[in-house]
1. Report, by residue number, each residue of the stretch 115-138 that is more than 25 Å from SER104 (Cβ to Cβ) and surrounded by fewer than 16 Cβ atoms within 10 Å (Cβ to Cβ).
2. Please state which one of THR169, THR173 is assigned to a loop (DSSP other than H, G, I, E, B), among the β-branched types (Val, Ile, Thr) and modelled with pLDDT of 65 or more.
3. Between residues in the stretch 30-53 that are among the polar types (S, T, N, Q) and residues that are open to solvent by 60 Å² or more (accessible area, probe 1.4 Å), which pairs lie under 7 Å by C-beta distance while being six or more apart or on different chains?
4. Return the residues of the stretch 165-182 that are buried (at least 19 other Cβ atoms within 10 Å of the Cβ) and among the polar types (S, T, N, Q); say none if nothing qualifies.
5. Just to verify a result, which residue in the stretch 96-143, among those that are free of Cβ contacts under 8 Å to residues at least 12 places away in the same chain and of a type in the set (A, V, I, L, M), is nearest to GLN51 (Cα to Cα)?
6. When only residues in the stretch 1-25 that are over 14 Å from VAL57 (Cα atoms) and open to solvent by less than 60 Å² (accessible area, probe 1.4 Å) count, which is modelled with the highest pLDDT?
7. State whether the residues of the stretch 26-40 include one that is open to solvent by less than 60 Å² (accessible area, probe 1.4 Å), out of contact with any Lys or Arg (no Cβ under 7 Å at 6 or more places or on another chain), among the β-branched types (Val, Ile, Thr) and not in a loop (DSSP other than H, G, I, E, B).
Amino acid sequence: MLGPRLFILYMADLEDHVAEHGVSFHAFADNMQLYVHCRHDEVTSAILQLQNCVEDVSDWMSANRLKLNADKTELLWAGSRHGPAVLESARPSLRLRTETVVASDQVRVLGVTMTSLDKHVANVCATCFYWLRQLRRVRRSLDAESAATLVHDFVTSRVDYCNAIVAGTSKSTTDKLQRVMNAAARVVSDTRKYDRGLTSLLHDELHWTFPSGCSTSCVQRLTDVCSTRHQST
């Protein structure tokens, strides 16, 4: 088995094949995205361009003992606020030999639901509350340190994952994530919903920050890193 870095090196030649079709390419390990830019009157030619590129990618993978998973291939058309109205009548699909990939309103990229932040937050919250219910059942058999470790592995790490995308969003969106953090803190401390001292527990003992503040600080750190690297070059 190859790790992410070795797998990227193994697939390095694929970028050249994609570039031959004039398609933009981005990949991380076995997750790959192909991008094509076009005007609304160039949709037909763009879909043919992307279709030929994907078929070439599939052939390259077959020659290198890999397989393009058509079941996990998704298609998304994005544009200005007028773009969806223009494409609504056509809804062009991607034909991959024996498979047809129908255009979707949102796709998942590295676990993040694109173009629908509310859907992404809802998925994160649903998964987190599922694991919190499971952990609540066995909480009496766990000490505080073990409970904190499990909550971090199954819950808070999901809230923190790619949390920069919620920076600047509405309070109603971040409040959903905050309710997850509150419930997680109660599982760690083995307290109930209406017990007092939750704020003190979050900040003083667990040292957790609010999702809104954490996402904003993450964006600030990324901005500082990019600015520093730009100045050094």
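1. Within the stretch 115-138, PHE129, ARG133, GLN134, ARG136, ARG137, VAL138 qualify.
2. Result of the check over THR169, THR173: THR169.
3. Correct list of pairs: ASN31/LEU110; GLN33/HIS26; GLN51/ARG95.
4. THR174
5. Across the stretch 96-143, the extreme among qualifying residues is ALA126.
6. So the residue we want is PHE7.
7. The answer is no, given that none of the residues of the stretch 26-40 is open to solvent by less than 60 Å² (accessible area, probe 1.4 Å), out of contact with any Lys or Arg (no Cβ under 7 Å at 6 or more places or on another chain), among the β-branched types (Val, Ile, Thr) and not in a loop (DSSP other than H, G, I, E, B).
One line per residue, one yes/no per condition, for (1) at pLDDT below 80; (2) more than 24 Å from GLY111 (Cα to Cα); (3) of a type outside the set (Val, Ile, Thr); (4) exposed (fewer than 15 other Cβ atoms within 10 Å of the Cβ):
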residue: VAL151; (1), (2), (3), (4): no, no, no, no
residue: ASN163; (1), (2), (3), (4): yes, no, yes, no
residue: SER217; (1), (2), (3), (4): yes, no, yes, yes
residue: GLN231; (1), (2), (3), (4): yes, yes, yes, yes
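The values are calculated or read from the model by the stated rules, or taken from the named source; none is laboratory data. Predicted, not measured: the structure shown is a model, and the values here were computed from it. FYI the Cβ positions are ideal-geometry reconstructions off the backbone, even for glycines, and counts take in every protein chain you see. Ligands, DNA and RNA are stripped out before the accessible areas are found, and what is left, the full protein with its side chains, is counted by its heavy atoms. Shrake-Rupley method; radii C 1.70, N 1.55, O 1.52, S 1.80 Å.
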